[in-house]
Amino acid sequence: MSEPVLPLPGFRLLPEHLNRTAQAALIETVVAAAKIAPFWRPAMPRSGQPLSVKMTNFGRLGWVTDKEGGYRYEPVHPLTGEPWPPIPPVLLDLWAQLSGYCAPPEACLVNWYGPDSRMGLHVDWDEEAADAAVVSVSLGDKARFRVGGTTRRGKTASMVLSSGDVVVLGGAARRSYHGVDRIYPGTSTLLPDEVFPGGGRINLTMRRVTLPG
Ligand code: SIN
Ligand code: FE2
């Protein structure tokens with residue numbers, strides 16, 4: 001069988017969809033949210049190996065992972081036991097504009113990549129609403145994003161994501177393997193050093209988790 005053309009249909013990259021003002025406002029929102037729902041370092045299922053990114057969430061449900069419980073959505077922060085802060089209205093608007101979905105997102109994962117963080121190739125599998133696109137925003141340092149087809153062994157394509165870029169994984173691309181090879185440290189001044197020592201990259205990923213209705 002011939003290799004599919006990559007990225008698969010339903011993948012969209014919207015370069016600098018958010019201008020610098022909007023990016024700065026979003027970072028302020030993340031900083032405020034992190035005071036209530038602090039970034040923590042999650043661990044892989046079974047091995048307990050720590051991820052190289054730190055995480056927090058916005059929304060009714062937050063994506064978490066730990067050694068005992070594995071990948072899942074939880075309504076409260078694993079350390080504070082408190083609900084996650086709400087998804088900011090500008091992100092809800094972005095979802096309404098780009099997802100084409102009939103219901104709002106329930107989760108917005110906030111990943112903080114330090115200079116040496118990466119994310120291995122994976123498929124987002126933990127959502128019941130598999131027909132809803134994933135909408136993701138890049139803020140801060142540039143990153144090399146990799147996207148493949150629906151099998152782990154297939155070919156992949158890569159691209160550089162910059163601050164303000166928005167990626168949509170919809171349609172066939174919803175089940176694409178994807179990951180982040182590396183960050184390009186020092187390529188952005190967006191992240192305040194007091195809150196994000198060493199700078200890095202913030203990625204905001206919105207998802208619908210449960211089937212609506
Ligand atoms: C993810 O797949 O969870 C993150 C993708 C990204 O950081 O751009
Ligand atoms: Fe993902």
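The values are calculated or read from the model by the stated rules, or taken from the named source; none is laboratory data. Everything quoted here is computed from the prediction, not taken from an experiment. Neighbour counts are summed over all protein chains in view; Cβ atoms, including those assigned to glycine, are modelled from backbone coordinates with ideal geometry. Note: areas computed on protein heavy atoms with side chains; ligands, DNA, RNA excluded. Shrake-Rupley method; radii C 1.70, N 1.55, O 1.52, S 1.80 Å.
Assuming a ≥ b ≥ c are the square roots of the Cα gyration tensor eigenvalues, decide whether the stretch 135-189 counts as rounded (a/c under 1.5), prolate (otherwise, with a/b larger than b/c) or oblate. Could the numbers behind the result be given before it?
Numbers: a/c = 3.75, a/b = 1.70, b/c = 2.20.
Oblate, because a/c is 1.5 or more while a/b does not exceed b/c.
Given +1 on the Cβ of Lys and Arg, -1 on the Cβ of Asp and Glu, and no further charges, what dipole in debye does the stretch 19-162 carry about its Cα centre, rounded to the nearest 20?
Values: 15 positive and 14 negative charges, 148 e Å.
My answer is approximately 720 debye.
Taking the highest mean first, how do the peptides 38-50, 107-119 order by number of other beta carbon atoms within 10 angstrom per residue?
Numbers: 38-50: 13.1, 107-119: 20.4.
Descending mean neighbour count gives 107-119, 38-50.
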Self-check item: the stretch 11-207, accessible surface, carbon-and-sulfur percent (1.4 angstrom probe)
Solution: 54
Practice problem: At q = 0.14, 0.16, 0.20 Å⁻¹, work out log10 I(q)/I(0) for the stretch 70-156 with the Debye formula, treating every Cα as an identical point scatterer and leaving solvent out; two decimals please. | Solution: -0.69, -0.91, -1.36
Quiz item: Label 7 Å along Cα→Cβ of ASP66; the stretch 78-110 residues with amide nitrogen under 20 Å?
Solution: 78-85, 108-110
Exercise. Using only alpha carbon pairs under 8 Å that are at least six residues apart, calculate the relative contact order of the chain and give it in whole percent.
Key: 28
Quiz item: In bins 5 Å wide, starting from 0, what share of all Cα pairs of the stretch 1-82 does each bin hold, as a percent?
Solution: 3, 12, 15, 16, 14, 15, 14, 7, 3, 1, 0
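Can you figure out the FRET efficiency of ILE36 with LEU121, using R₀ = 45 Å and their beta-carbon distance, to the nearest 0.05?
Details: r = 32 Å, r/R0 = 0.71.
After rounding, the FRET efficiency stands at 0.90.
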Exercise. Classify the stretch 165-204 as rounded, prolate or oblate from the Cα gyration tensor: take a ≥ b ≥ c as the square roots of its eigenvalues, call it rounded if a/c is under 1.5, otherwise prolate when a/b beats b/c and oblate if not.
Key: prolate
Exercise. Could you give me the radius of gyration and the Dmax of the stretch 110-158, taking only the C-alpha atoms into account and expressing both in angstrom?
Key: 12.7, 34
Quiz item: In deg cm²/dmol and to the nearest 500, what is the mean residue ellipticity at 222 nm of the chain if only DSSP H runs of at least 4 residues count, each as -39500 (n - 2.57), divided by the residue total?
Solution: -4000 deg cm²/dmol
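Starting from the Kirkwood radius over alpha-carbon pairs of the chain, derive D by Stokes-Einstein at 25 °C in a medium of 0.890 mPa s and give it in µm² s⁻¹. The partial results should precede the final answer.
On the way: Rh = 17.3 Å.
Estimated via Stokes-Einstein, D reaches 142 µm²/s.
Give the accessible surface of the chain per residue, rounded to a whole number of Å², with probe radius 1.4 Å and ligands, DNA and RNA excluded.
47
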